[in-house]
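**Student:** Pasting in a structure now, in structure tokens, and then I'll have a few things to ask.
The values are calculated or read from the model by the stated rules, or taken from the named source; none is laboratory data. Because the structure is predicted, anything quoted here is derived from the model rather than measured. So basically every Cβ, Gly included, is an ideal-geometry build from the backbone, and we count neighbours across all protein chains shown.
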Amino acid sequence: MSQKPRKLQRVSKACDFCNRRSIKCSQREDPLGRCQNCADFDVPCTFDRPAKRRGVKAGTQASGRDAQFVRASVNHGIYTAAATVSGGRASGSSTSRSSSRPSISGDPWSTFTHGWSAAENDDGDGALHNSWKAFAIACDRQIRNLVQVYFEIVYPIFPLFHMPSFIEQVNSKEHLRNQGLFASTMAVCSLVSGRVRDGALYSNRWHREELIDPPSEAFFAAARDSIPRDLVAVKGIDYMRACAILAIASIQNGQIRNMQKYSGLYHTLTSMDGLYDEKLWPKDLSPIETEERRRLFWSIYTLDIYSTIVWGGVIRYREAHSLVRYPSEVDDEFITHHGYGVPPVTPESNSLPPSNVTVVSRQPVTWLRGWNFTTDLYRILEHVVDDNRRHFSSANGTTQVWSLFNPLSMSEPAVMDQVLTMYSALPSQFRETPPTTGDMSKDLFGFQSANIQATLQLLRMVLLSAEEIGVERKCDVAGELLSVFSNVPVEYLKAISSPLLHHLGGIGYILGSVMEGNLSEASYTRVRTLLLEMADLLQRLETGLHRASGAGERLRSQVGRIDGYMRTSLPLDPTAPSNAMQVIDAKPEPAVPSAYAQDTPAVGTSPGAGLDQMSQFQLPPELLTDWPWPLYSYNTEGFLPLASE
């Protein structure tokens with residue numbers, strides 16, 4: 001008969017490390033004789049504290065919640081315990097201790113004996129906060145890496161932090177002492193982790209698997225639970241910034257209702273704090289704090305316009321109501337708490353000038369020049385959205401008052417003519433999109449160029465959505481838009497990630513309106529080619545997305561069903577070469593992308609236009625029931641949404 005295994009004896013006295021944290025002290029086979037927890041966290045296992053009498057002192061009550069949460073955090077996986085604290089709202093598997101050991105310099109665990117900084121509002125749930133502190137300490141290495149990645153893939157579009165200051169705050173663990181900073185730091189980690197999971201990394205400096213565990217949802221829950229319930233008592237930029245980043249992270253993870261929720265919280269805090277007017281800001285702000293506030297305001301202004309276009313709703317802050325300057329076009333390294341530095345001047349040309357010519361020196365162009373230009377485009381979009389809404393507002397039964405103010409009609413050619421004049425005046429760095437290099441000083445310009453291209457196309461699609469244009473013109477526009485996106489290096493597109501897919505939804509809307517109307521063999525053959533090109537682009541961008549909508553695959557499947565219908569119900573084979581297709585293929589290519597050309601061809605002048613008048617037909621509505629974007633979008637406020645929660 002086999003002997004029963006010998007029962008392990010409980011350690012009679014916990015080591016100093018486990019005692020201070022009220023966690024179970026378990027022995028293990030360690031060469032240094034350390035307990036399980038000390039070995040896991042790679043700290044000395046000592047018994048130096050003086051012996052005390054056991055038991056609870058008379059008149060006191062043991063605080064078991066903190067000990068329970070911290071014990072669970074260490075022994076059963078950090079963010080799993082945090083999920084238990086939060087009612088199961090965080091998800092994922094246990095984090096690897098080997099990649100999550102906290103720095104022991106300064107003993108970050110000492111934060112458990114102190115509350116958040118006095119300047120912050122604590123809503124009284126100290127046990128919950130301590131569990132998230134334990135989570136952050138155990139994930140210290142992860143957090144520092146995710147913050148670094150933030151400046152590579154998110155900061156170029158949403159520069160919400162001053163780079164040197166934020167990195168220093170995280171490295172010195174200031175977020176463990178400041179609740180607002182903790183919330184915004186956790187939000188950054190959630191957004192970056194989500195984008196990394198979705199394939200946004202383009203640098204070989206990082207390993208994807210080390211950045212996505214714990215997952216985005218765990219950091220999201222940490223940020224969410226760190227925002228006080230009583231918003232009236234909340235002050236400062238950090239909570240506004242946390243809500244803003246959580247809104248962006250919600251878009252990334254396909255949770256549009258969450259996006260609306262945290263955008264609403266951000267705008268509530270903005271109104272209470274007066275972020276929309278610099279005269280209402282504290283008088284003792286440093287240059288760093290001033291620039292961060294300006295960047296935050298205009299970043300979320302653009303996000304607000306974007307979300308209104310894509311999902312409908314109202315624009316919360318108008319440019320006319322906002323008294324906030326653009327961010328200074330100065331790199332972070334030249335902005336300090338004491339003032340602004342001056343970048344070194346560069347000569348106008350590298351060649352030696354003639355002796356009788358004076359060399360002209362100028363300040364180097366900064367990437368924020370392009371970032372501010374994108375904000376200009378969104379300010380134009382605000383007015384275009386207003387103009388479009390006027391066309392539909394007659395259905396609300398109210399008296400129309402627009403005529404009192406003589407609003408000018410915004411035609412696509414007139415607006416784009418002015419916009420392209422502004423665009424052509426930009427430095428060349430913002431009109432070219434070279435491949436990514438891994439050098440942030442160079443890639444920052446590439447990101448601005450890619451974002452400008454995407455925003456120009458969004459502007460054009462919104463302008464065209466209110467105009468009646470013919471089939472050939474719609475195909476011309478869709479082809480031009482696809483050409484622009486296809487010429488941008490895919491690394492930039494993947495780093496911008498999920499939000500960009502909604503830009504492409506505008507092309508789907510344009511092509512969908514063609515599919516609903518009267519078609520000929522020539523027009524269908526052409527739109528079919530464009531649909532397949534778009535499916536290819538969507539599938540390239542959706543590869544690896546955690547919450548992929550599957551729009552590319554659905555589009556390709558739908559084209560297949562329509563092809564089958566045309567072979568069986570109509571004497572047409574869209575996959576076979578036709579005279580109409582040969583006419584279209586013979587169309588000369590412009591010297592520059594026609595999306596940026598000033599001389600836009602008139603409707604009906606395409607070589608294939610005459611063929612559209614012959615043998616026209618209309619597809620049955622049931623063939624379009626699975627279209628990835630909503631049809632009849634002229635009846636809705638938002639016309640670009642993909643499938644979401």
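**Student:** Taking the condition of being over 21 Å from Ala247 (Cα atoms), part of a loop (DSSP other than H, G, I, E, B) and either touching a helix residue (DSSP H, G or I) at 6+ places or on another chain (Cβ under 7 Å) or modelled with pLDDT of 90 or more (or both), how many residues in the stretch 202-215 meet it?
**Tutor:** Residues meeting the conditions: 3.
**Student:** Listed residues Arg224, Arg195; which is touching a residue at least 40 places away in the same chain (Cβ under 8 Å) and under 29 Å from Gly446 (Cβ atoms)?
**Tutor:** Sole residue among the options that is touching a residue at least 40 places away in the same chain (Cβ under 8 Å) and under 29 Å from Gly446 (Cβ atoms): Arg195.
**Student:** When you go through Lys133, Lys235 one by one, which is the residue that is charged (D, E, K, R) and part of a loop (DSSP other than H, G, I, E, B)? Steps first, please.
**Tutor:** Working: Lys133 fails: part of a loop (DSSP other than H, G, I, E, B).
None of the other options fit; the residue is Lys235.
**Student:** In the set Asp417, Asp439, Asp443, which member is surrounded by 12 or more Cβ atoms within 10 Å (Cβ to Cβ) and either hydroxyl-bearing (Ser, Thr, Tyr) or over 14 Å from Ile380 (Cα atoms) (or both)?
**Tutor:** Working: Asp417 fails: either hydroxyl-bearing (Ser, Thr, Tyr) or over 14 Å from Ile380 (Cα atoms) (or both); Asp439 fails: surrounded by 12 or more Cβ atoms within 10 Å (Cβ to Cβ).
Being surrounded by 12 or more Cβ atoms within 10 Å (Cβ to Cβ) and either hydroxyl-bearing (Ser, Thr, Tyr) or over 14 Å from Ile380 (Cα atoms) (or both) holds for just one of Asp417, Asp439, Asp443, which is Asp443.
**Student:** Looking at the structure I just gave you, is Val527 modelled with pLDDT under 85, aliphatic (A, V, I, L, M) and within 27 Å of Thr625 (Cα to Cα)?
**Tutor:** On the way: modelled with pLDDT under 85: no; aliphatic (A, V, I, L, M): yes; within 27 Å of Thr625 (Cα to Cα): yes.
No; evaluated as a whole, the condition is false for this residue.
**Student:** Just give me the residues in the stretch 12-49 being more than 23 Å from Ile137 (Cβ to Cβ) and either assigned to a helix (DSSP H, G or I) or at pLDDT below 75 (or both), in sequence order.
**Tutor:** Ser12, Glu29, Pro31
**Student:** Of Leu303, Leu296, Leu275, which residue is surrounded by 20 or more Cβ atoms within 10 Å (Cβ to Cβ) and outside any helix (DSSP H, G or I)?
**Tutor:** Leu275 is the lone residue from the list that is surrounded by 20 or more Cβ atoms within 10 Å (Cβ to Cβ) and outside any helix (DSSP H, G or I).
**Student:** Okay, moving on. Can you name the number of the only condition in (1) surrounded by fewer than 22 Cβ atoms within 10 Å (Cβ to Cβ); (2) in contact (Cβ under 8 Å) with a residue 60 or more places away in the chain; (3) not in a helix (DSSP H, G or I) that Pro327 fails?
**Tutor:** Unmet condition: (1).
**Student:** Restricting the stretch 155-197 to residues that are crowded, with 24+ Cβ neighbours inside 10 Å and of a type in the set (Ser, Thr, Tyr), which is nearest to Ile212 (Cα to Cα)?
**Tutor:** Only one residue tops the list, namely Ser193.
**Student:** Does at least one position in the stretch 318-334 carry a residue that is under 19 Å from Asp238 (Cα atoms), aliphatic (A, V, I, L, M), in the same structural domain as Ile167 (by TED's automatic domain parsing) and in contact with a helix residue (DSSP H, G or I) (Cβ under 9 Å, 6 or more places away or on another chain)?
**Tutor:** The answer is yes; a qualifying residue exists.
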